[in-house]
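Just so it is clear, none of the values below were taken in a lab; they were calculated from the coordinates. These numbers come from a predicted model, not from an experiment. No Cβ is skipped: glycine too gets one built from the backbone with ideal geometry, and neighbour counts run over all protein chains shown.
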Amino acid sequence: MPIDERDLYEEIGRNYRYFLDWRAKLLAGYFAVIVGLAVGFAWILGRSMIRLSSLAPFSLFGISVLFWCLDLRNRQQYRDCIEAAAQLEEDRDPFSENPRGGYVRFRQGSQPSHSRAFDFMFYTLGLAALVAAIVLLGWPEHVKQLTAR
């Protein structure tokens, strides 16, 4: 049984929205983990466990890399949906008089894009966490002085 082009286009749209929903959930999860690590960091400093203080920033670095990789995978999936739907719009366009539909415009992209903003966020937070972890690991006596005030 052949697949109707309209049904295919609708399925691509559903998949596109599904992957964008996953992106929103990944971002919410990332921020939830950041909050959890901040609470853990405050708990560690409150108990004067200075040697463990670098654990939270090192964890944030690893989590940033993990969530960035998950976003890259998800990004490829929704871009595949954009490409497939744009190809349908350009080749067949049985859906409107306008041969340039929404997915063709999405394929052209915008500057700056959400993807670049997410990349910048993951790079910045990951690098800042790594630097903080190294500082905390290398100079625990300075951390002790800061927490004693």
| request: Step through the residues of region 42-58 one at a time and calculate ³J(HN,Hα) from phi using the Karplus curve (6.51 cos²θ - 1.76 cosθ + 1.60, θ = phi - 60°), rounding each to whole Hz and writing x for Gly and Pro. | output: 5, 5, 5, 5, x, 9, 6, 8, 4, 5, 8, 5, 7, 4, 5, x, 4
| task | Add +1 for every Lys or Arg and -1 for every Asp or Glu among the other residues with Cβ under 13 Å from the Cβ of TRP68, and state the total. | result | +2
| Taking the highest mean first, how do the peptides 40-53, 63-76 order by number of other beta carbon atoms within 10 angstrom per residue? | 63-76, 40-53
| note | Here the gain from full extension of ASP7 to ARG116, 0.36 nm per residue of separation minus their alpha-carbon distance, amounts to 36.0 nm
